[in-house]
Every structure is written in C-alpha cells, then in structure tokens.
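Report on one structure; see the data block that follows.
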Amino acid sequence: MMMKFRKFRCLLHARHLHSKYVPVPLSMQQYLEFGQKKCERKSFQFLNDEIPIRLAHIMREFEDLPKELLTMKSVKLVRSWYDLSFKEVQAFQDKDPDDKKVLTDFSKTIQDILNRHSYVVETMAQGVIEMEDTYGMDDKISERIQYFLDRFYMNRISIRMLLTQHAALFGNISNHPRRIGHIDPNCDVIECVSNAFKAARHICEHYHMQAPDLDIVTAEGSKIVDFVYVPSHIEHILFEVFKNAMRAVVEFHRDKMELPKLKIIVAKGQQDLTIKLCDQGGGVPYKVQDKLFQYMYSTAPRPQYTGHDSPLAGYGYGLPLSRLYARYFQGDLVVSSMEGYGTDVYLYLKVNSSEANECLPIYNTTTSRMYEAEKVVSDWSSSTTWNQSIRTYCTAVKSKQPMITDKNNISIQ
C-alpha cells in the first residue's frame, strides 16, 4: 500500500514539474524535414520529453474546472485515460534510446495511447451533457467550459499529430508513398475537396435520399493548388462543412425538384491558401453566427449516447473542432451568412510551411484566472458579441507570467 502511495506521489510530482515547462511548437517545415531524415532515436528523445509536457499542461487545467463537471462519470473516465498515458510515457524517461527493444516498446506504447484516446471527444462531450442534465448550466459555467474545451481539444490534436507521425514513420502502418508520415509535400487540395465531398454526400443521401452536386473552380492566377499540408486535416474540416451545407440545402429546398449546387472556389496566394464553400441553404440569422462555434450548439437533434459508436452529429462539435484543426497550423475557419439565401465558409491555410507553426495551449497563472474571473460587466447600452469580445480580449492579454523554457532545449531538426 505504501509503495503504491509513493508511486502515486512521484507521478503527481512529475506531472507538476512537467507542467512548468513550455511545450515546443513545431512548424510544418520541421515535421517535414525530420520525417525526411527519419531518425527513430531522435524522435524517441523528443517525444519522451515533449509528450509528458503537453499532457501535464492539460491535466493541470482539469483541476480548474467546475466540480460539478469533474464528478461526472464520463469526465472521470477521460481523466483516467490521461493519467494512465502520462504514467506509461513517464516510464521511458530513463530508458536507453540505443536499445532497439526500448524503441519497439515505445512504439507499442504510442499505439496503445492512440487507441485509448480514440473516443476522447465523444466521451468528454457526454460528460458535459451529463453535467447539464444533472445540474443545469448558467452562462458563467458555459463560458468556462467553452474556454477549456477549445484548449483541451487543441492539446489533443497536437499530441495525436506527434504520435501518429511517429507511428506512421516507424511503425508497421502502411502509408501513402507520396507522404512523409501523414504530411504530403505536394498536397492536392482538389483531391481533398473531392474526397470530403464524396464522404459527406454518402451520408446526406443515406439520411435525406438526395444531395446537391458540387462545382469546383480555381481562382484566376491559382494554377494549381498544392502545398505542404496534412490531407486528413483538410478533409476532416471540409467533411464537416459539407455536411452542414448539404443538410441546409436539402431542408431549405425540400419542395423543389432540383437542388442548387454547392460551389467551391480555391485560391492560392503568397501567404494563404483559401477554400471558399458557397451554399444556397437559407443561411442563418446574424445573431446565431457566433453560436455556430459553440460546443453543444446544434440544430440537429441530440443523439443517444451508446458508447464508442455514438455519432458526433447533434453534439454541436463539428464546426468548433474543425476550426481548431484549421487554427492548429495558424489557419482559420470563418462563416459568413445571408439569412434567407445561403452561407459562405472560408477555410484559410498557410501556404508557407515554415510559417505554419503549431498553436498550443499553455497553462500558467493567467490561465487559472480565466476560470475564476467573473463575467465582465457591460459598459455599453446593450451587450453584443463584438463589444464584449473587445473587453474579454483586453483583459485576457493584460497579464503575462514568465515560464521556464523547454525542458532540455531539444530540437528535432
């Protein structure tokens, strides 16, 4: 019993220590260059230091969540997954990277972690639903949870990027011959658009018995549209956007024999590659547009949770998660709508791989204060999203706390 307690305290100490180091954001260029050199030993060393830091930061942030949420069964389950994954990675801290068995065991551990965390999004979403059904949810708690989920899911995206890249490079996973891990040095955007459209159309036709067609055009001057990127990220984002657009078009034109087509415009500039999706699905009111990126907001009926097979549609997580994938490498996802006509969605991605740096959440004193802060008192005659966001932004950047630099100043270049 005493031995278990000591191990538990050692893990708590290790987690607290790692949470004080700043995670090292990598650029798409760094991912690509390392993948081309393909040194498993260096990858082991980097991940062995970086993964515990990223895990520790978000695990520390869990402690600031409302107690009502932390007591939910699904949230406890998610936390237990993170505790176990931190423990498993921590076990390699003193292992010899020149030992082939160590590298093999590490790759197996990575795959175990990936499998364990496959349903984190759905399980965490269920935890929020459990809390709402049990205790209700006021605006203050909702804002705190929104703030946490953005950071939590971005942290998850970053960790999975590191782990899946290692697994693709050094594991037994078969990969596309053109790709370096999951990165395509010549990512074909039109191919990504087509793949996402086909997947979304299949679902739309299954539920609605019809789906709109698609026209794809490239802006004048954009000769071809390929660049360094992760195709699966683009396809994930566009799949969610297509699903929303198709459903809106089918429902808005339910009495018509022919559905208006969706339109994709792709433009590649000096800094941004932009993908614009236009639909004629009736649009949404201006006041609703900001809610589209709020977790739990959805116009679809909430699904019944049945474990691992539960769909995400209806949870309201499609657009918020898609925006995080876009922002992960310094891009963005923006919605502009005309109520009564349709919606335009803009996906911005970085053209230059050296500028496409990871955007990572960092836990510090300021972060903790965000969970404790009271709602800002309005200093306008009416409270709107734009005047409140200005106040929120200003107070958020007011205080910055210095932190320790990265643990061993490790570079994978």
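Placing a pseudo-label 7 Å from each Cα along the Cα-to-Cβ vector at ASP138 and ASP290 gives an inter-label distance of 2.0 nm. By the rule of a C-alpha distance below 13 Å, with chain neighbours fewer than 8 residues away ignored, the aspartates and glutamates paired with LYS268 are ASP188, GLU220, ASP226. Dimensions of segment 10-154 based on its C-alpha atoms, expressed as ranges along the principal axes with the largest first, amount to 53, 33, 27 Å.
Annotation: per residue accessible area for segment 150-255 equals 46 Å², rounded to a whole number [probe 1.4 Å, protein chains only].
Solvent-accessible area of HIS13, all protein chains in place: 120 Å² (probe radius 1.4 Å, heavy atoms, ligands and nucleic acids excluded).
Distance cut-off 23 Å, Cα to Cα: go down the list LYS256/LYS291; LYS42/LYS87; LYS263/LYS287; LYS140/LYS350; LYS42/LYS101; LYS38/LYS108 and report the pairs above it.
On the way: LYS256/LYS291 29 Å; LYS42/LYS87 21 Å; LYS263/LYS287 25 Å; LYS140/LYS350 34 Å; LYS42/LYS101 15 Å; LYS38/LYS108 18 Å.
Violating the 23 Å Cα-Cα cut-off are LYS256/LYS291; LYS263/LYS287; LYS140/LYS350.
Cα centroid separation, segment 110-185 to segment 47-96: 13 Å.
Remark: segment 4-111 carries 51 Å² of accessible area per residue (probe radius 1.4 Å; ligands, DNA and RNA excluded).
Remark on ALA211: its backbone amide H falls under 5 Å from none of the residues 5 or more positions apart or on other chains, H modelled at 1.01 Å from N.
For segment 125-183, the Cα gyration tensor yields ellipsoid semi-axes of 38, 12, 8 Å (square root of five times each eigenvalue, largest first, whole Å).
At 37 °C and 0.692 mPa s, grab the translational diffusion coefficient of segment 148-250 from Stokes-Einstein with a Kirkwood Rh over Cα pairs, rounded to a whole number in µm² per second. List each step's numbers first, then the result.
Numbers: Rh = 15.7 Å.
For these conditions, the coefficient is 209 µm²/s.
Residues of segment 234-268 with an amide N closer than 12 Å to a point placed 7 Å from the Cα of THR218 along the Cα-to-Cβ direction: 266-268.
Per residue and in cubic angstrom, what volume does the convex hull of the Cα atoms of segment 5-65 have?
Cα convex hull per residue, to the nearest whole number: 92 Å³.
In terms of accessible area, using a 1.4 Å probe and ignoring ligands and nucleic acids, THR366, THR71 rank largest first as THR71, THR366.
Taking 0.36 nm per residue of sequence separation and removing the Cα-Cα distance, the GLN270/LYS20 pair yields an extension gain of 86.2 nm.
Residues CYS359, CYS192, ordered by accessible area of protein heavy atoms at a 1.4 angstrom probe radius and largest first, appear as CYS359, CYS192. Heavy-atom accessible area with a 1.4 Å probe sorts GLU220, GLU191, largest first, into GLU220, GLU191.
In segment 82-140, what percent of the accessible surface is made up of carbon and sulfur (1.4 Å probe, ligands and nucleic acids excluded)?
Details: 1350 of 2960 Å².
Percent of accessible area from carbon and sulfur atoms in segment 82-140: 45.
ARG178 sits with roughly 90 Å² accessible to a 1.4 Å probe, with DNA, RNA and ligands left out of the calculation. Accessible surface of ARG116, taken over heavy atoms with a 1.4 Å probe and every protein chain present, rounds to 40 Å².
The charge dipole of segment 1-113, taken about the Cα centre with unit charges on the Cβ atoms of Lys, Arg (+1) and Asp, Glu (-1), comes to about 360 debye, rounded to the nearest 20. With each label modelled as a point 7 angstrom along the Cα→C-beta vector, the GLN36-LEU11 pair spans 4.1 nm.
The values are calculated or read from the model by the stated rules, or taken from the named source; none is laboratory data. What you see is a predicted model, and the numbers here were worked out from it, not measured in a lab. Glycine also receives a Cβ, built like all others from the backbone with ideal geometry; neighbour counts cover every protein chain displayed. Surface areas here come from the heavy atoms of the whole protein model, side chains and all, with no ligands, DNA or RNA. Shrake-Rupley method; radii C 1.70, N 1.55, O 1.52, S 1.80 Å.
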